[in-house]
Amino acid sequence: MESSHLRQQIAAMRQSFFDEEILDGQFCQLERLENRGNPNFVEEVLTMYFRDSTTLLQTVEQEIETDTIDLAKVDMMLHKFKGSSASIGANKVRNNITKTRQLLEEGNLEGAKLAFRELRMEHDNLRAKLEPYFQQLRQVGPVETATRPKGSDHA
Amino acid sequence: MVLGNDASSSSLSNKNLSVLVVDDDPLIRMLHDNYLKHFGLKPLVVENGKEAVDLFQLGTSFDLILMDKEMPIMNGVEATKALRDMGATSMIVGVTSRGSPSEMQAFMEAGLDFCFEKPLTFDMIDFILKELNVNDDDDTNN
């Protein structure tokens, strides 16, 4: 009974990620890759993602706060970050990356700095929401492959 | 497009396909590796275009190459051109975050068979494998 209640909680948490558009359907693609031989695959991927993203964001932040920004370097880093964020379904993070890059391209440095702060916030928010989710998942053990979330239109 | 049971039912026929994943991002390499394994494939994974070209020069050939565009040392455009110049007949599929039509066109012109914008999905792989099997059928019938 307790496990069932916890699973319901987990399902509700998961649905909220899609309702709030923090994650998109690409996350469901990752979940389909989990199997008996690889039951913690999604958590492993997200752990790897956050390990790299934390370092990257620190580097970008240092770069955009300097007087002589290497725009090409920052753009390349954000480009890579966009790719990995899209690959794990980090919808809002990806959108904020796009916004930041666009503002940099337009030469709007102050706008880009603001956008970057939003990006950091969305990234930290994503991590803060996923950590308890995976913690609870580990408590109940592997969940069967999830169904497509309500309202998600990205395969 | 619904993927459904097609992926698992074709996994036996996919077993003999040789696949190479070329991407400088370790997360992407891990993801693409797992996607392909889900279809019964056993990909080789390298970090940049030069490693892909080196493998070809050593005599290794692949049925399918998934090629990233932006990579250090040798990028996807350069690697694809080099492979085609050396006579590689692999199906080379670009998988890139550079999604603008002009950038994808430039990548296609290097010699790709197809080009997709990241992220890779089951539907994309299913499409690619169906194209590969169609090509195999054509070769058998000729």
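Any read-out appearing in this document is the output of simple, stated calculations on the displayed coordinates, not a laboratory observation. Computed from a prediction, not measured in an experiment: that's the story for all the values here. A quick note on method: Cβ atoms are made from the backbone with ideal geometry, for glycine too, and the neighbour counts reach across all protein chains shown.
First measure r as the distance between the Cβ atoms of B:E109 and B:S61, then evaluate 1/(1 + (r/R0)^6) with R0 = 35 Å and state the FRET efficiency to the nearest 0.05. Please list the in-between numbers first.
On the way: r = 23 Å, r/R0 = 0.65.
Once rounded, the FRET efficiency stands at 0.95.
For B:F116, B:F127, A:F81, which order do you get if you count the other beta carbons within 10 Å of each Cβ and list the fewest first?
Placing the least packed residue first, the sequence is B:F127, B:F116, A:F81.
Compare A:K129, A:K92, A:K73 in a GNM of chain A, Cα atoms joined below 10 Å, and give the one with the largest fluctuation.
A:K73
Give me the number: length gained by fully extending A:A128 to A:N35, i.e. 0.36 nm times residue separation minus the C-alpha to C-alpha distance, one decimal in nm.
On the way: separation 93, 0.36 × 93 = 33.48 nm, distance 2.54 nm.
30.9 nm is the gain from fully extending A:A128 to A:N35.
Taking other Cβ within 10 Å of each residue's Cβ, how do A:T68, A:T98 sort, fewest first?
A:T68, A:T98
Where a Cα-Cα gap under 18 Å defines reach, which aspartates and glutamates qualify for B:K130, not counting those fewer than 8 residues away within the same chain?
List returned: B:D6, B:D63, B:D113, B:D138, B:D139.
Quick check: net charge around A:I22, other residues with Cβ under 14 Å of its Cβ, Lys/Arg +1 and Asp/Glu -1?
-3
Return the percentage of antiparallel bridges among DSSP beta bridges fully within the protein assembly as shown, rounded to the nearest 5 %.
Close to 10 percent.
Cut-off under 29 Å on the C-alpha distance; same-chain residues fewer than 8 positions from A:K113 excluded. Which lysines are left, in chain and number order?
Counting by Cα, and skipping residues close in sequence, A:K113 has these lysines nearby: A:K73, A:K80, A:K82, A:K92, A:K99, A:K129, B:K69, B:K118.
Can you sort B:R29, A:R94, A:R36 from fewest to most other Cβ atoms within 10 Å of each residue's own Cβ?
A:R36, B:R29, A:R94
I need the per residue convex hull volume for the range A:1-109, using only the alpha carbons, in cubic angstrom as a whole number.
Per-residue hull volume (Cα only) is 116 Å³.
According to a simple spin-label model (label point 7 Å from Cα along Cα-to-Cβ), what is the distance in nm between A:E106 and A:L71?
Modelled inter-label distance: 1.4 nm.
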